[in-house]
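Let me begin by presenting the structure, written as structure tokens, before commenting on it.
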Amino acid sequence: MADHPPPLPTPVALVLAAGGGRRLGGRPKALIEHAGRPLIEHALAVVRAGGCTETVAVLGAAAERVRATADVGDCRLVDNPEWESGMGSSLRAGLAALPPGARAVLVMLVDTPGVTPCAVARLLAAHRAGAELAAAAYAGRRGHPVLISARHFVEAAAGATGDVGARALLTAHAAEIVLVECGDVAVPDDLDTPADLARWNASAETPPRP
């Protein structure tokens, strides 16, 4: 009988950072600066400060430049050659690259700079309390990040098509999702336009270091 790897102590953080930033003038989202550092560095700092000890990031647009210029520490970087097809392909690539023993994954979008370590920590706490599907909620409305336990990995990958990501899985299991209110400690807005970027950078505080 094949040996099974021991379970990892915390969920793996999976940062989806492949987007090309079409509405941001074609600047790859991973390298857009927020508070003086690339978004990918900011996202990794947040998930690490929130309690994730293992990190994986999926790259797409300008992947070689991200590898050459961003300080990602010991994060495992995975290239998604199909990134232009949408977020679904990046989620599939990330799930396939998770280290052995991953009991759960916390999916973090690189362009949500308002997500805080506290929000991440609350999701990890929900998982420790038994949640197999959890999502940050803002005034009761489901948002990001989301947490998916290992028993849902295959279904999550199967439903990840186009720009859907984990939406098909979460819709199919809506009654099972533990909504973790984070509206008091985080902001769910993503960063899609130059106006979004200007607003975030105008109000940015110094983010946590990894």
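The values are calculated or read from the model by the stated rules, or taken from the named source; none is laboratory data. All values reported here derive from a predicted model rather than from experimental measurement. Heavy atoms of the whole protein, side chains included, go into the accessibility calculation; ligands, DNA and RNA do not. Shrake-Rupley method; radii C 1.70, N 1.55, O 1.52, S 1.80 Å.
Over the range 1-142, calculate the relative contact order: mean separation of alpha carbon pairs under 8 Å at least 6 apart, over the residue count, as a percent.
33 percent
Please list log₁₀ I(q)/I(0) at q = 0.10, 0.12, 0.13 Å⁻¹ for the range 10-90, using the Debye equation with identical point scatterers on the alpha-carbon positions.
Log10 I(q)/I(0), no solvent term: -0.21, -0.31, -0.36.
Please compute the length gained on full extension between ALA175 and ALA158, using 0.36 nm multiplied by the number of residues separating them and subtracting their Cα-Cα distance.
Working it through step by step, the gained length comes to 4.1 nm.
Sort CYS52, CYS118 from largest to smallest accessible area, using a 1.4 Å probe on the heavy atoms of the protein chains.
I get CYS118, CYS52, largest accessible area first.
What do you reckon, how do ARG103, ARG92 stack up by accessible area (1.4 Å probe), largest on top?
ARG103, ARG92
Would you indicate which of (1) 0.94; (2) 1.03; (3) 1.00 is the value of Rg/Rh (Cα atoms, Kirkwood Rh) derived from the coordinates of this structure?
For Rg/Rh (Cα atoms, Kirkwood Rh), the calculated option is (1).
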